[in-house]
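Quick notes on the structure that follows.
The values are calculated or read from the model by the stated rules, or taken from the named source; none is laboratory data. These numbers were taken from a predicted model, which means no experiment stands behind them. Cβ coordinates were reconstructed from backbone atoms using ideal geometry, including for glycine residues, and neighbour counts include every protein chain displayed.
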Amino acid sequence: MRLHNKSFKLAWMKQSKLILPIIVVSQFCCTSLWFAGNGVMNDFVSTFNLDASAVGHLTSAVQLGFISGTLIFALMTIADRFSPSKVFFVCALIGSLFNLATILDNQTLYSLIAIRFCTGFFLAGIYPVGMKIAADYFDKGLGLSLGYLVGALVVGTAFPHFLKAFDTNVNWQYLIIFISVIASIGGILMLLFVPNGPYRKSGQKLQLNAWLLNFNDKNFRAAAFGYFGHMWELYAFWAFAPLILSTFLSNNSTLSFNVSLWSFIVIAVGGLACVLSGYFSLLYKTKRVAFVALLLSCLCCLISPLIFQSNSEFLCLGFLMFWGIVVIADSPLFSTLVAQNAIPKLKGTALTMVNCIGFSITIISIQLLNYVATIWNPNYIFMLLAIGPFLGLIALYKNT
């Protein structure tokens, strides 16, 4: 009997070493659905004779789909009532099919918006559920595990800028097919090789107000509000990174650099930051590391006008790379704090609802900057992004 238990334990240890890489690869493959449209947006416009304004509508459609999906998934406690790996698999397949539908002939703006909305909807069963799966496997070192997961998402976010930088001539339909295929493979990998984790608490009944129960805990509230403040800044910074670089170039006509390539670098460097912050969380308290990163990104917002009005290419690009690091470094840590302070049986619901609220906030901040950019000097608009980190810091400080 002891020999059998020892063999089982050894087999489990060997398997568990592969769990995190599989989760990370699956997450990267499947979240590529999120940004598939970004990489071929101009092709959509030219192929289907759309107006230039379609770019904003199609981008927002994915975000709104994700927000709607996370809201419904949280209210229905999907990730806690059912096997998260199976939920991940099903959503990956359905999301891949909707993504594939964009290559059909005779698309209109409305049909593309509907397709991208549905793709975003099923991403609700991929991104937050992937974090739930990691939390079910890793109790200690969860910050590092989520650092790898969020890092994969960050690189996926930056990838369309990389493609644009080198002006690849690959047929856009082939790119869409490729992304749908790898997303399906990611779902299959999760289903076959990542069973329910040892820390999973199963057997939840349908309870529509379950997500509210987590907010009764002050530690959970602090982590959630810190995350909300972080999200106010994050996606607006990513969305307007090309504008920052373009504006700097236009103000300094003697300089020249590839805006798309540097947009990729500024965003993608955050993937490494997520992993490094995960390692720091093993040495220091997770909340302390998150607080420092949020504070530094808040300071970047406030001093940004001074940097952007300089004529130093080295200073501007170096500053943006630093900002790209600290703006995302706290993201996996806040998700870790949310998971650790959530009711164990409602961990998946907690992560999903916090994602829902966080991504809803991103739409507000992006639209605010979009409007303010028309009436203010673009060098000053990013100071408004400090509002979110400042409020997040207050929430964390009050909980110390």
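Some observations on this one:
- Among the residues of the stretch 76-97, those identified as over 23 Å from Gly39 (Cα atoms) and out of contact with any helix residue (DSSP H, G or I) (no Cβ under 7 Å at 6 or more places or on another chain) are Met76, Arg81, Phe82, Ser83, Val90.
- The stretch 327-400 holds helices (runs of 4 or more DSSP H) entirely within its bounds, and those carrying 3 or more residues that are surrounded by fewer than 24 Cβ atoms within 10 Å (Cβ to Cβ) map to 347-372, 387-398.
- Residue in the stretch 316-331 that is in contact with a Ser or Thr (Cβ under 6 Å, 6 or more places away or on another chain), closer than 22 Å to Leu384 by Cβ and not β-branched (Val, Ile, Thr) present: yes
- Residue that is modelled with the lowest pLDDT [pool: residues in the stretch 13-56 that are over 14 Å from Thr119 (Cα atoms) and in contact with a Lys or Arg (Cβ under 9 Å, 6 or more places away or on another chain)]: Gly39
- Among the residues making up the stretch 373-387, those that are under 25 Å from the mean Cα position of the chain (by Cα) and not small (Gly, Ala, Ser) are Ile381, Phe382, Met383, Leu384, Leu385, Ile387.
- Search result, residues across the stretch 145-182 that are over 16 Å from the mean Cα position of the chain (by Cα) and within 27 Å of Arg200 (Cβ to Cβ): Ile182
- In a residue-by-residue description of the stretch 54-66, the property of being within 15 Å of Val129 (Cα to Cα) and either touching a Gly at 6+ places or on another chain (Cβ under 9 Å) or without any contact (Cβ under 8 Å) to a residue 24 or more places away in the chain (or both) applies to at least one position.
- Residue count, the stretch 117-143 (criterion: at pLDDT 90 or above, of a type in the set (A, V, I, L, M, F, W, C) and assigned to a helix (DSSP H, G or I)): 7
- Qualifying positions in the stretch 225-258 - touching a Cys at 6+ places or on another chain (Cβ under 9 Å) and under 22 Å from Thr157 (Cα atoms): Gly229, Glu233, Phe237, Ile244, Leu245
- Residues located in the stretch 237-271, provided they are in contact (Cβ under 8 Å) with a residue 60 or more places away in the chain and either under 14 Å from the mean Cα position of the chain (by Cα) or outside any helix (DSSP H, G or I) (or both): Phe237, Trp238, Ala239, Asn252, Phe257, Asn258, Ile267, Ala268, Gly270, Gly271
- Residue in the stretch 144-162 that is out of contact with any Leu (no Cβ under 8 Å at 6 or more places or on another chain) and not in a helix (DSSP H, G or I) present: no
- Scanning the stretch 282-294 finds one or more residues that are of a type outside the set (Asp, Glu) and outside any helix (DSSP H, G or I).
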